[in-house]
Amino acid sequence: MLSYPNIDPIIFSLGPLHVRWYGLMYILGFMSAYLLVKYQATRFRWNNLLDHLDNLNLTLIAGVISGGRLGYVLFYNPSYYLQHPLEVFATWQGGMSFHGGCIGVLICGALYCRRHTINFWKAADLYVVTIPIGLGLGRIGNFMNGELYGRLTDAPWGMVFPGGGPLPRHPSQIYEVLLEGVLLFTILWTLKARPWQNREAGWWPHGSMLALFMILYGIFRFMVEFVREPDPQLGLLLAGMTMGQLLSLTMVAGGILLWYWRKKVTKVS
């Protein structure tokens, strides 16, 4: 059994203001996405996107936060928030859903791109390959907070988490860092130029990277959910699956449909 490092979730305080590791992970994730999208847009000489990059990023950040919060409310604890509607806005109490954030960012991105005549599928391909960095950093933040830990285990790398009882548990946050962060980023970043290549070079249509992200993330998240502690207010649902697994299966199916739809539509055009 490994020892869980006793990490203070607060980096430093200035009076009532607390700077937390989890918040810092969000900021680093947003900054990384901004810089890497700018690098790609410059490389592919997409000046129209570069002109809108700052405003588009602010729009996407709003989509991530609002979608993530509403997703948690609707997917994970709707009965509680129906009784306490004002707490929907209490984001400092925790409670964010990746799947909700994904929906929020897609909606906000599509609306912004449509209004400013930016090719949404091209933009999605540039952005989506950077998302695993933020995912990995976010899971590191979860680990530092001692939250979203795994189920009980007798594996030698099990850890006793604060608030998780006296028995060792899977450090599922680290599994997600490696799968949804490191591995997913490596795959997507390696393939990022495929939609920009010609047909003879093994061309993929724009939107392919978004579809591939949905498929791979859904698979990785589905796998980790087998060792991650289910949300206590939900437990196990249909066929013994968690809410995260049900949402991830939906994501995989959506990614497969998007892949074939983009192939078909682009071939016809």
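Here, each number is a calculation from the coordinates, and none is a lab measurement. None of these values were measured; they are calculated from a predicted model. Note that we place each Cβ from the backbone using ideal geometry, even for glycine, and neighbour counts take in every protein chain shown.
Taking the Cα centre of the chain as origin, work out the dipole magnitude from +1 charges on Lys and Arg Cβ and -1 charges on Asp and Glu Cβ, in debye rounded to 20.
1120 debye
For the chain, set up a Gaussian network in which alpha carbons nearer than 10 Å are linked by springs, and say which option among 33, 211, 253 fluctuates the most.
253
Out of residues 5 or more away from residue 228 or on other chains, whose amide H comes under 5 Å of its own, with H placed 1.01 Å from N in the peptide plane?
151
Using θ = phi - 60° and the Karplus curve 6.51 cos²θ - 1.76 cosθ + 1.60, what whole-Hz ³J(HN,Hα) does each residue of region 158-164 get, with Gly and Pro shown as x?
Result, rounded to whole Hz: x, 10, 8, 8, x, x, x.
Taking the chain as a Gaussian network, Cα atoms linked when under 10 Å apart, which of 164, 109, 181 shows the biggest mean-square fluctuation?
164
With the radius of gyration and the Kirkwood radius both derived from the Cα set of region 12-268, what is their ratio Rg to Rh?
0.98
So which residue, out of 195, 78, 16, gets the largest mean-square fluctuation from a GNM of the chain using Cα contacts under 10 Å as springs?
The residue with the greatest mean-square fluctuation here is 16.
Restricting things to Cα coordinates, could you compute the convex hull volume per residue of region 137-188 in Å³?
Dividing the Cα hull volume of region 137-188 by its residues yields 69 Å³.
What number, in percent, do you get for the relative contact order of region 12-268 if the mean sequence gap of Cα pairs under 8 Å and at least 6 apart is divided by its residue count?
Dividing the mean separation by the residue count of region 12-268 yields 18 percent.
May I ask for the angle, rounded to the nearest 10°, between helix 47-76 and the longest principal axis of the chain, with both axes built from Cα atoms and the value confined to 0 to 90°?
Long axis of 47-76 versus the principal axis of the chain: about 40 degrees.
Please list, in order along region 240-245, the HN-Hα scalar couplings obtained from phi with the Karplus expression 6.51 cos²θ - 1.76 cosθ + 1.60 (θ = phi - 60°), rounded to whole Hz, x for Gly and Pro.
Result, ordered by residue: x, 9, 7, 4, x, 5 Hz.
Where a ≥ b ≥ c are the square roots of the eigenvalues of the C-alpha gyration tensor, would you call region 106-240 rounded, which needs a/c under 1.5, or, failing that, prolate if a/b is larger than b/c, or oblate?
In terms of gyration-tensor shape, prolate.
At 222 nm, what value in deg cm²/dmol follows for the chain if DSSP H runs of at least 4 each add -39500 (n - 2.57) and the sum is divided by all its residues, to the nearest 500?
Value at 222 nm, helices only: -19500 deg cm²/dmol.
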